[in-house]
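Below is one structure, written out as C-alpha cells, with a few remarks after it.
The values are calculated or read from the model by the stated rules, or taken from the named source; none is laboratory data. Quick caveat, the model's predicted, so the values are computed rather than measured. Note that we place each Cβ from the backbone using ideal geometry, even for glycine, and neighbour counts take in every protein chain shown.
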Amino acid sequence: TEKEIIGSQKQQLAKLFEESLKAAFPDVSDVQPLIAICNDAKHGDYQCNNAMSLWNKLKGKCTQLKGPQPVGKAIIENLPASEMIEKCSIAGPGFVNIVLARQWIAKSLQKMLIDGIETWAPKLPVKRTVVDFSSPNIAKEMHVGHLRSTIIGDTLARMLEFSNVEVLRRNHVGDWGTQFGMLIEFLFDQFPNWEADSTPAIGDLEGFYKASKQRFDSDADFKERAQKAVVSLQGGEEKYRMAWAQICEISRKEFQKVYERLGVHLEEKGESFYNPYIPKALELLNEKGLIEESEGARVIFIEGKKIPLIVVKRDGGFNYASTDLTALWYRLNEEKADWMIYVTDVGQREHFEMFFSAAKRAGWLPSNEKDYPKASHVGFGLVLGEDGKRFRTRSTEVVKLVDLLDEAKSRCKLALEERGVFYILATLGYDTGGIFLFYFLSLLVNITGKAKEWTAEELEQTAEAVGYGAVKYADLKNNRLTNYTFNFDQMLSDKGNTAVYLLYAHARICSIIRKSGRDIEELKKSGAIDLAHPDERMLGLHLLQFAEIVEEACTNLLPNLVCEYLYNISEDFTRFYTNCQVVGSAEETSRLLLCEATAVVMRKCFHLLGITPGVVD
Ligand code: ARG
C-alpha cells in the first residue's frame, strides 16, 4: 500500500490556517495563508502573517473588528482543533505566533522512522520537468564550468525526484555546428583509415580540435573543404554522418568517465537531435509574425533589448538560439514538461532571457513568471583559483576534470592511510581525535563489534566517497551565483562546514547507536520519543523542517539551502549530545530514536546532494 505523503510542516500549517481564514472571513475570497518560520524562536516556531493585509482589505467594510490585532485574534479563534499546535499568541500588528505541540513533533518523527522519510516529500505544483545540465561540447574539454553544471543540475534533479516530480535529465551536448566541417576534414587527412577503426585513435580530442582549427585558419584550401564538409554533413551524406558520429563517440566516452565517477545519470539529447525540428519551430514563430529581417539575418526583436535574437544567420545557418527555441518547443509539446530548468554559468543569462522572452511573445510560455509551464535559468558563478582568477592549472590551460577528481581521491586516500595509524592507537586506548578515524571506525566495526583491516577495495571506495563528496559539497554550499575559490585543503578539512566534517558527524551518530547495543528496529516499534529537554525539542523541530527546506530549495532552485540545513542539523545534534546523556540514561530509548531520526535525515540530505554517506552497513 502507498504511504501517504504528508507534505511539509508549513504546508500542513497552511491547511489549518486556510480553514481558519475561510471560517473567520467568509466574505474575503482568495486569501492565501502566509506561514513563515518565526523570526525569533522565543516567540514561537512559526507565524501566520495574514492579519495586516486582511485588515487593509476589511477596513471600512467591517465594523466589529478594529485593527489588525483583532483580525489576528479572529484567525486564532477559528482555527480547527489540531494536535499539531500547542498554542498561538498575538504579537505586534496581528502576527500570530505558533508553538507546535511537543508530542506532535515527537509523534511525527516516530511515524517517519517507521514509514520512511519519503512520506516527508514536499508537494510541488509540477508533474514533469526537464533539467538541462552538464551539456559539454563535443571535441572540447569538459571544464570546471561543466563540472558545476553537472553537480548543481544533478542535485536539483535529485531534489525534484524526491518530491515525486518526473525529471528528464537532459544532456544538451554541443554536437552540431560548423566546427564539425573542419573536424571531419581533419579526420580524413590524419586518419586515412578512419572507416576501419570504430573509434579512431585520437587520444587527445581537444588537441585534435586545436590542430584542425589552426589548419582551418592557415590553409585556404582546407578551409574550403571544411566548409563543403559542413554542407555534406547537414545534407545527411553517409560518409560525413559516420565521421561525425565517430568524433562524437570519442567525446561521449570521455564525458561518461566523469559522470560515472560522480555517480551522475544523464540522458543525451544533443543539439543535433533538435536540428530537424528547427524549420518547423521557426515557421510557427514566423506565423505569429515574430521573425523579421535584419542586416541579412532573420531575427526576433525583444522588448528592452537593443540587439535582437538571431535565429537564422546571414549564411542561412541555424545557431545556438534557433536550437534552444526548438528544444523548448519540443520539451513543451512533445515531452509535455511543465518546468524547463537550464543550468549554465551566469555568462549565458542574456541568451536565456532572450529566448524565454521570444517564447513568451509567441505564447509558448505564459507572460507571468509565476505561471506554468515555466522556464528557469539556473545561473552559477565562476570557479576561482587561489590567485582569485579563473581556475587554471600551472600550464594556464583549463583544469582537466578527471585530474581534479583524481587528486581529490588520492588526497583522501593518503589521509585515510595516515589515519590508519591513529586507528591502531585508538584501539589501544589513546585519544587521537581526528575525523577520518571515526568515519572509518564506523566502517570497520562489523556486527560482532570487532574491527577488521582495511581491504584495498574499502580504502578505494571510501576515498572516492569522501573525495568526490568533498568536491561536490564545496561547490553546492555556496549560493550558486557567487564565485567560489577551489581549495583542496579547505574542502578536505575535517573542521567547519565541509563534507568531511558532516560525514564524520553522521558516522559518529551511527556509532553511538551501534555501541548502545540496542536493536534500533525493535525500538522504532516499541519505543517512543519524548522531547522534554529544550535541546531535544529544538533538534526534533528542525528535523521536521527537512521537507520545507527541500521545498524551498526546489522552488528557488537553490541547493545551498540543503547544505546549510544539513550543517545546522549537525550543530543541533552536537548541542543535544553535549547536554543530554544518551546511552545509560533514563531517556535512552527516546534519545536513541532521536539519534536515528537525525541520521536518517542527514543521510537523505547527503543523498540529495549526491554524496555517498559511507560504505556503512
Ligand atoms: N553547450 C553549452 C556550453 O557548453 C551549454 C548548453 C546549455 N543548454 C542549453 N540548452 N543551452 O556552454
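Among the residues of segment 584-598, is there at least one that is surrounded by fewer than 23 Cβ atoms within 10 Å (Cβ to Cβ), basic (Lys, Arg) and farther than 30 Å from Ala408 by Cα?
No, segment 584-598 has no match at all.
Return yes or no: is Arg225 within 30 Å of Lys400 (Cα to Cα) and modelled with pLDDT of 95 or more?
no
Residues in segment 272-290: is at least one of a type outside the set (Val, Ile, Thr), at positive phi and at pLDDT 95 or above?
yes
If I filter segment 324-348 down to residues being of a type in the set (D, E, K, R) and near the ligand (Cβ under 9 Å from one of its atoms), which single residue comes out as surrounded by the most Cβ atoms within 10 Å (Cβ to Cβ)?
Here the residue is Asp324.
Could you pull out every one of the helices (runs of 4 or more DSSP H) wholly within segment 157-254 that has 1 or more residues that are under 30 Å from Leu476 (Cβ atoms)?
The helices (runs of 4 or more DSSP H) meeting that bar are 205-218.
Residues Ser163, Ser149: which one is of a type in the set (Ser, Thr, Tyr), within 16 Å of the ligand (Cβ to nearest atom) and over 30 Å from Lys228 (Cα atoms)?
Step by step, each of Ser163, Ser149 is checked, and only Ser149 is of a type in the set (Ser, Thr, Tyr), within 16 Å of the ligand (Cβ to nearest atom) and over 30 Å from Lys228 (Cα atoms).
Counting just the residues of segment 293-309 that are more than 32 Å from the chain's Cα centre (by Cα) and of a type in the set (A, V, I, L, M), which one comes out nearest to the ligand (Cβ to nearest atom)?
The extreme case among them is Ile300.
Identify all residues within segment 558-580 that are surrounded by fewer than 23 Cβ atoms within 10 Å (Cβ to Cβ) and in a loop (DSSP other than H, G, I, E, B); write none if there are none.
Leu558, Cys580, listed by residue number.
Among Ile307, Ile302, which is of a type in the set (A, V, I, L, M, F, W, C) and loosely packed, with under 14 Cβ neighbours inside 10 Å?
One residue alone meets the criteria, Ile307.
Just give me the residues in segment 202-230 being aliphatic (A, V, I, L, M) and either within 17 Å of Ile247 (Cβ to Cβ) or buried (at least 16 other Cβ atoms within 10 Å of the Cβ) (or both), in sequence order.
The answer is Ile202, Leu205, Ala211, Ala226, Ala229, Val230.
Among the candidates Leu290, Leu262, Leu266, Leu284, single out the residue that is surrounded by 13 or more Cβ atoms within 10 Å (Cβ to Cβ), within 14 Å of the ligand (Cβ to nearest atom) and in contact (Cβ under 8 Å) with a residue 60 or more places away in the chain.
None of the others qualify; the one that does is Leu266.
Output the qualifying pairs, or none if there are none: Cβ atoms under 7 angstrom, residues six or more apart or on different chains, first residue in segment 311-338 and closer than 18 Å to Gly235 by Cα and at pLDDT 95 or above, second residue aromatic (Phe, Trp, Tyr) and within 14 Å of the ligand (Cβ to nearest atom).
Val312/Phe318; Thr323/Tyr274
Among the numbered criteria (1) more than 10 Å from the ligand (Cβ to nearest atom); (2) at pLDDT below 95, which one does Ala157 miss?
Just one mismatch for Ala157, condition (2).
Quick check on segment 310-319: of everything there that is within 16 Å of the ligand (Cβ to nearest atom) and more than 12 Å from Asn275 (Cβ to Cβ), which residue is surrounded by the fewest Cβ atoms within 10 Å (Cβ to Cβ)?
For segment 310-319, the residue satisfying everything is Ile310.
Does at least one position in segment 514-523 carry a residue that is among the aliphatic types (A, V, I, L, M), surrounded by fewer than 20 Cβ atoms within 10 Å (Cβ to Cβ) and not in a helix (DSSP H, G or I)?
For segment 514-523, residues among the aliphatic types (A, V, I, L, M), surrounded by fewer than 20 Cβ atoms within 10 Å (Cβ to Cβ) and not in a helix (DSSP H, G or I): absent.
Is it true that some residue in segment 349-358 is free of Cβ contacts under 8 Å to residues at least 12 places away in the same chain, more than 10 Å from the ligand (Cβ to nearest atom) and within 18 Å of Val130 (Cβ to Cβ)?
no
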